[in-house]
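Novice: I'd like to ask you about the structure that follows.
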Amino acid sequence: MNKFLFKNIDNTGLVLFRVVFGLLITLEAFGAIATGWVKRTLVDPEFTFNFIGFDFLQPLPGNGMYYYFAIMGVFGLCVMLGYKYRYSMIAYALMWTAVYLMQKTSYNNHYYLMMLLCWLMVFLPANRWFSLDARYDPSIRSSAMPQWVLWILILQVWIVYTYASVAKLYPDWINATVPAVLMSGKKHYWLIGDFLQQNWVHWCIAYTGIIFDLLIVPLLLWKRTRLFGFIVSVFFHLFNSIVFQIGIFPYMSIAFSLFFFSPQLLQKRFLPKKQLYTAGEIIVPKYKKFLVGVFSVYFIIQIGLPLRHWFFKDDVLWTEEGHRLSWRMMLRSKSGILAVWVEDKDTGKRIQYPYNKLIANKQRRSVKTKPDLLWQLAQHIKKAEAEEGRDVAVFMDVRVKVNNGEYHPFIDPDVDLASEKWYPFKHHDWILTSPEDYHKKTTKK
């Protein structure tokens, strides 16, 4: 175990990844401002749907979030240059984690992975070469790193891809229904819009997604298939970047390939002046037990969290319970119809509530299909009414359709959601049981 974890190996891959990762998180921060993401997600809404329990994390008032992301971009640039690396990486990780937890209507797995990688990079010696830190302080300069650094990154990526593949093994993905639904929104794309509507393309997307996610890490690990795996990876992620426009994630995924190629090849191609480390010393640190303990707990959580939905009642595709933090990427299309009713507890008078006045355009699509967002909306409505001197019960009539199926009742309309408690690891009975074949269209005779 000491030889596997603490044998020193060349750090060229880590050094290059730090540069690319720093560049990408810099672009993520400044790009969020330039594309209007900050405005739509954090500035325009009256309130954000934060992760439950993190209500204290709220966007800064006025133009504060623009400055916030600009500062993040500066820290990302420092990571890329390797300047005050550890402090810069901690600062970016903290700031991005706060952004991640303060909003869920823009949730995606890529933001989650970015948060995890930011924290992993905090603990890695990625500034020992080709950095301003090493230039100004030669005592930290080293061309080596312990082998555990390589394997925790590979294991993290392997977990992501494996769960992403397994999650696709359900009928609507296997029969290409989901890819067809996803591609139907791309008809307007120049040059490739019509191509993406072809039935055979949908089948290719369906099975390429399953096979790629399941096999890409083994392909890159084996020397004989490494080049093939890299070429497939580049094509796959560039396709995703063009078609799905998912920001920096495809390029970050391509950058992971740096950990699979030999240091000799990387050093020759990218850092010809770097000293290549070949000594292979085994240096067991004093903090070995702490290191092994921390990462053991971390990876047990990473392996366990995506499995939790199996311990909930009903289908995660319907209930959404256990969906987040589980690498269930682009698996379904959901839309909903929502009517909110409030009942004055003193008078018994019930009226339809204009909930749209509380939420921004970007939030409306998500809130109609996510139970936790509906519950949070009920809490905000109750609070808003209480400020007007009214004690109300909040009822919601919600209908949801999955993968272009039929609309079905989703929430028990007779339950006062404002009086319910939220349980992160327990099924909520006010979510109605999923109808049989709810994600299929009814065949009319």
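The values are calculated or read from the model by the stated rules, or taken from the named source; none is laboratory data. Nothing here was measured: the structure is a model prediction, and the numbers come from that model. We place every Cβ from the backbone using ideal geometry, glycine too, and count neighbours over all the protein chains shown.
Novice: Testing Val157 on (1) part of a helix (DSSP H, G or I); (2) more than 21 Å from Ile9 (Cβ to Cβ), one condition comes back false. Which one is that?
Specialist: Here Val157 clears every test but (2).
Novice: Hey, which of the helices (runs of 4 or more DSSP H) in segment 225-306, taking only ones fully inside, have at least 2 residues that are exposed (fewer than 14 other Cβ atoms within 10 Å of the Cβ) and in contact (Cβ under 8 Å) with a residue 12 or more places away in the chain?
Specialist: 288-304
Novice: Continuing with this model, one more query. Is it true that Gly76 is surrounded by fewer than 17 Cβ atoms within 10 Å (Cβ to Cβ) and more than 19 Å from Leu325 (Cβ to Cβ)? Break it down stepwise before answering.
Specialist: Numbers: surrounded by fewer than 17 Cβ atoms within 10 Å (Cβ to Cβ): no; more than 19 Å from Leu325 (Cβ to Cβ): yes.
Answer is no for this residue.
Novice: Among the residues of segment 1-23, which ones are modelled with pLDDT of 95 or more, of a type in the set (D, E, K, R) and assigned to a helix (DSSP H, G or I)?
Specialist: Arg18
Novice: Of all residues in segment 419-440, count the ones that are surrounded by 12 or more Cβ atoms within 10 Å (Cβ to Cβ) and either part of a loop (DSSP other than H, G, I, E, B) or modelled with pLDDT under 95 (or both).
Specialist: So the count comes out to 13.
Novice: Kindly check whether there is at least one residue in segment 101-116 that is part of a helix (DSSP H, G or I) and closer than 22 Å to Leu266 by Cα.
Specialist: No - not one qualifying residue is present in segment 101-116.
Novice: To continue, here is another question. Against the definition (over 30 Å from Phe6 (Cβ atoms), in the same structural domain as Phe49 (by TED's automatic domain parsing) and surrounded by fewer than 17 Cβ atoms within 10 Å (Cβ to Cβ)), how does Ile154 come out, yes or no? Talk me through it step by step, then tell me what you get.
Specialist: Details: over 30 Å from Phe6 (Cβ atoms): no; in the same structural domain as Phe49 (by TED's automatic domain parsing): yes; surrounded by fewer than 17 Cβ atoms within 10 Å (Cβ to Cβ): yes.
Criteria not met by Ile154.
Novice: For a quick check of your reading of the model, give me the residue pairs whose first member lies in segment 34-53 and is over 15 Å from Val99 (Cβ atoms), whose second is of a type in the set (Asp, Glu) and surrounded by fewer than 19 Cβ atoms within 10 Å (Cβ to Cβ), with beta-carbon atoms closer than 8 Å and at least 6 apart or on different chains.
Specialist: Matching pairs, first to second residue: none at all.
Novice: Given the residues Asn127, Asn108, Asn175, which is the only one that is buried (at least 21 other Cβ atoms within 10 Å of the Cβ) and either in contact (Cβ under 8 Å) with a residue 40 or more places away in the chain or assigned by TED's automatic domain parsing to the domain that holds Tyr85 (or both)?
Specialist: Asn127
Novice: Sticking with this structure for a sec: What are the residues in segment 361-379 that are out of contact with any Lys or Arg (no Cβ under 7 Å at 6 or more places or on another chain) and either assigned to a loop (DSSP other than H, G, I, E, B) or at pLDDT 95 or above (or both), if any?
Specialist: Hits for segment 361-379 are Lys368, Lys370, Pro371, Asp372, Leu374, Trp375, Gln376, Leu377, Ala378, Gln379.
Novice: Which of the residues that make up segment 54-65 are free of Cβ contacts under 8 Å to residues at least 24 places away in the same chain and over 19 Å from Ser366 (Cα atoms)? Steps first, please.
Specialist: Initially, segment 54-65 is screened for residues free of Cβ contacts under 8 Å to residues at least 24 places away in the same chain, giving 55-56, 60-64.
Within segment 54-65, Phe56, Leu60, Pro61, Gly62, Asn63, Gly64 meet the criteria.
Novice: Testing Met80 on (1) more than 30 Å from Asp133 (Cα to Cα); (2) in contact (Cβ under 8 Å) with a residue 60 or more places away in the chain, one condition comes back false. Which one is that?
Specialist: Going through the list (1) more than 30 Å from Asp133 (Cα to Cα); (2) in contact (Cβ under 8 Å) with a residue 60 or more places away in the chain, Met80 breaks only (1).
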